[in-house]
Amino acid sequence: MQLKPLARSLAVALSIAVIAGCSSTGGTQDGDSYGSQDGRDGSASSTSGTGTSGQYSSTTSGADRGQQADSRIPDVKTIYFDYDRDTIKGEYESVVMAHARYLRSNPNANVVLHGHTDERGTREYNMALGERRANAVARFLNIQGVSSSQMSVVSYGEERPAERGSSEAAYSQNRRVVFNY
Amino acid sequence: MHTISKVWLFCLLLAMSTVASANLTIEITRGSDQALPIGVVPFEGSAGMPEDVAQIIHDNLDRSGFFDPLDRSSMFEQPSKADDVQYSTWRSLDVRYLVVGRAERTDSGYRIQYDLMDISGQRRMMSETVTASENDLRGAAHYISDQIFEEITDIRGAFSTRIAYVTAQGVGDNTDYGLYVADADGRNSQQILTSSEPILSPAWSPDGGKLAYVSFENGRPEIYIQEVNSGNRARITSFEGINGAPVWSPDGRRLAMSLSKDGQPDIYIMEIADRSLTRVTDSSSIDTEPAWSPDGRRLVFTSDRSGGPQIYQHRLGSSETERMTFTGNYNARARFSPDGENLFLIHRSDRGFQVARQEIDSGRLVTLSDSTSDESPSVAPNGTMVIFATQQGNNGVLSAVSADGRSSFRLPAAQGDVRDPAWSPFLNE
């Protein structure tokens, strides 16, 4: 359901209007909906990525808040995967949707999806698994109407761990796809 | 197009270093119970020499797993010539072979004479004079080790070879990566590439003069070839997606690699001279980690076409591809033994990821390592040992195990992670 250019610019104009309208209440209106994710994202490093999900799944007034957010890059830029899996877990679908909305609303924006794995297994095979994860996200975005020309995929395999160490806590932080704008 | 540029780019990242800043040390972790007892007597005239040649020979033979060298402290006689060797003395110490030698200063360095004695046969097996400049005494010791090893075992020694490996220090975005080349004993290391982006999969050209590897220096994986001595380098692939796992054909004219430019990663062969590509596999699965058979006629590679990763073999010029591994649900990154009869690979066992050897004819697979987070096995050119990367605490270290699994040693680095070792071919053809 890719938006037509006219519809797209309308959407952008609308979201700008919404933000402009709200800005009289102060510059933190986006922070109300997304800013608190920063803290959660940071603290999530010591646990598995489940901390980021609750907030999004409880966001039922999504349309309104989504439109507010469409003019800026969503704060949550990392989603996590199960071992040896490339399926986007239910708890992260809302994160990917937020990026889809942003990219649809900003056709000049480009994202590089970085796929990562944990350290287990061989390096080049992990390179391929990381690519598979990033491709899964790219496909999801594409289905949500994001143009392929706005997306590219780079796998880092196990080469750039977010956490060092050989514990499941570290592994779960390293099996991830990161949205890079 | 830049991907087919033939210009050797001069590398800004290049940092040839004469400072041995990342030397690896050796810890023997398992000795073979079948090792041959040998004595390497300290060489006469070695006091004041910058290197203890006899000790280097002792350490080399010890590390090989084929020998169990006698401690110096047990040598109550220290002959330096064949004529002075009392066979009964050494027989009483249960020594089967003895190396004696002497060194003399010359105008240009040192002259080293040594004799290899067969104690039970009461005869001299070999005698040789070697000259070496002062700064190549380690090289001379490795050469002598090679001669002794071959004379006794009938297997060519691989002590004069080198290893390439990758280091990483830091975490996340603040990691520094280095590509190093060192002697096979971990000493004399030289950094040949520095980068703030990942470096992986170094592979030696069959003449030992070049390394192919993957570098992320432009924010994505690309394959480079670098001359080890000059540091000159060229980017040879920059396709969309994965550019990975380069390995040289035995004739040195082609590189097999894994590229995902056409979708899922597939195996391709590039003619290095004109950069032309031939696609080898075309599957909807992951195909990566190719390796050439020693005769150059077959490629093995890792594929998950049956679900998990397993090793497959493709006969070049045919459409025949057969699955090679059936033990367990994870077998990856295979390398042939030099005789083509075995595959060394990473096998997931109940304990973890371990180096294993599979006999190609029988299909029998045996694990070789004691460690459980192993990666990147690379076979010595004489087939006697496999070097690989593993974990010690939270650090990546290099380790090696003999092809029969009986002996092993580790090469821990002072700091940071060491990984992705590649054992060079023989360098003194």
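For region B:123-217, what's the relative contact order in percent, using C-alpha pairs closer than 8 Å and at least 6 residues apart?
Result for region B:123-217 is 16 percent.
Using Cβ counts within 10 Å as a stand-in for footprinting exposure, how do B:Phe326, B:Phe353 rank, fewest first?
Starting with the residue having the fewest Cβ neighbours, the order is B:Phe326, B:Phe353.
Given R₀ = 30 Å, what would the calculated FRET efficiency be for B:Val366 paired with B:Glu240, taking r from the Cβ atoms and rounding to 0.05?
Efficiency, rounded to the nearest 0.05: 0.15.
Can you tell me the 0 to 90 degree angle between the C-alpha axis of helix B:53-64 and the longest principal axis of chain B, rounded to 10?
Approximately 50 degrees, to the nearest ten.
Just going by the charge dipole of region B:69-150, with Lys and Arg at +1 and Asp and Glu at -1 on Cβ, which of B:Tyr87, B:Ser127, B:Tyr97 is farthest out on the positive end?
B:Tyr87
Counting Lys and Arg as +1 and Asp and Glu as -1, each charge on the Cβ, what is the dipole of chain B about the Cα centre in debye, to the nearest 20?
Dipole magnitude for chain B comes out near 680 debye.
Could you work out the helix-only [θ] at 222 nm for chain B, with each DSSP H run of four or more residues adding -39,500 (n - 2.57) and the total divided by the number of residues, to the nearest 500 deg cm²/dmol? Write out the running numbers ahead of the final one.
Numbers: 3 runs with 35 residues, N = 429.
Here the helix-only value at 222 nm equals -2500 deg cm²/dmol.
Averaged across A:128-140, how many Cβ atoms of other chains sit within 10 Å of each residue's Cβ atom?
Rounded to a whole number, the mean comes out at 3.
To make sure I understand the rule: partners must be aspartates and glutamates, Cα under 17 Å from the Cα of B:Lys261, and not fewer than 8 residues away in the same chain. Which ones qualify?
Output for B:Lys261: A:Glu124, A:Glu131, B:Glu222, B:Glu240, B:Asp282, B:Asp287, B:Glu289.
What is the average number of partner chain Cβ atoms found within 10 Å of a Cβ in B:238-249?
Neighbouring Cβ atoms belonging to other protein chains average 3 per residue here.
Going by a ≥ b ≥ c, the root eigenvalues of the Cα gyration tensor, does region B:31-153 fall in the rounded group (a/c under 1.5), the prolate group (a/b larger than b/c) or the oblate group?
Cα axes put region B:31-153 in the prolate bin.
For region B:165-271, take every pair of Cα atoms, bin their distances at 10 Å starting from 0, and report each bin as a whole percent.
15, 45, 33, 7, 0
Rg and Dmax in Å for region B:221-331, alpha carbons only: what are they?
Computed over the Cα atoms of region B:221-331, radius of gyration and Dmax are 14.2, 44 Å.
Given R₀ = 56 Å, what would the calculated FRET efficiency be for B:Asp118 paired with B:Asp262, taking r from the Cβ atoms and rounding to 0.05?
Computed FRET efficiency for B:Asp118 and B:Asp262: 0.40.
For region B:326-429, what class follows from the C-alpha gyration tensor (a ≥ b ≥ c being the square roots of its eigenvalues): rounded when a/c is under 1.5, otherwise prolate if a/b is larger than b/c, else oblate?
oblate
With the contact rule set at Cα under 8 Å and sequence spacing of 6 or more, what percent relative contact order holds for chain B?
Numbers: 1109 pairs, mean separation 61.0, N = 429.
This gives 14 percent for chain B.
Give the aspartates and glutamates reachable from B:Lys81 as a straight Cα distance under 13 Å; neighbours fewer than 8 places away on the same chain don't count.
Of all the aspartates and glutamates, those that pass the test against B:Lys81 - Cα under 13 Å, at least 8 places apart if same chain - are B:Glu44, B:Asp115, B:Glu128.
How would you rank A:Arg176, B:Arg72, A:Arg164, going from fewest to most other Cβ atoms within 10 Å of each one's own Cβ?
B:Arg72, A:Arg164, A:Arg176
Magnitude of the Cβ-charge dipole of region B:275-390, K/R +1 and D/E -1, about the Cα centre, nearest 20 debye?
Dipole magnitude for region B:275-390 comes out near 220 debye.
Restricting to Cα pairs below 8 Å that are 6+ residues apart, what does the relative contact order work out to for region B:31-153? Please round to a whole percent.
26 percent
Go through region B:202-212 residue by residue and turn each phi into a ³J(HN,Hα) via Karplus (6.51, -1.76, 1.60, θ = phi - 60°); whole Hz please, and just put x for glycine and proline.
Here the 3J(HN,Hα) series is x, 9, 7, 6, x, 8, x, x, 9, 10, 9 Hz.
Net charge near B:Thr288: determine it from the other residues with C-beta under 9 Å of the C-beta of B:Thr288, scoring Lys and Arg +1 and Asp and Glu -1.
It works out to a net charge of -3.
Along the charge dipole of chain B, Cβ charges K/R +1 and D/E -1, which of B:Ser402, B:Leu24, B:Gly308 sits furthest on the positive end?
The residue sitting farthest along the positive end of the dipole is B:Gly308.
Could you pull out every one of the aspartates and glutamates with an alpha carbon less than 15 Å from that of A:Lys77, ignoring same-chain neighbours closer than 8 positions?
The reachable aspartates and glutamates, counting only those whose Cα sits under 15 Å from A:Lys77, are A:Asp38, A:Asp41, A:Glu91, A:Glu93.
State whether region B:135-184 is rounded, prolate or oblate according to the following rule on the C-alpha gyration tensor (a ≥ b ≥ c being the square roots of its eigenvalues): a/c under 1.5 gives rounded; otherwise a/b larger than b/c gives prolate, and the remaining case gives oblate.
Prolate is the answer for region B:135-184, as a/c is 1.5 or above and a/b outweighs b/c.
Read-outs: derived from the displayed coordinates by stated rules, not from any lab. Being a predicted model, the structure only gives us computed values, none of them experimental. For neighbour counting, all protein chains shown are included, and Cβ atoms are generated from backbone atoms with ideal geometry for every residue, glycine included.
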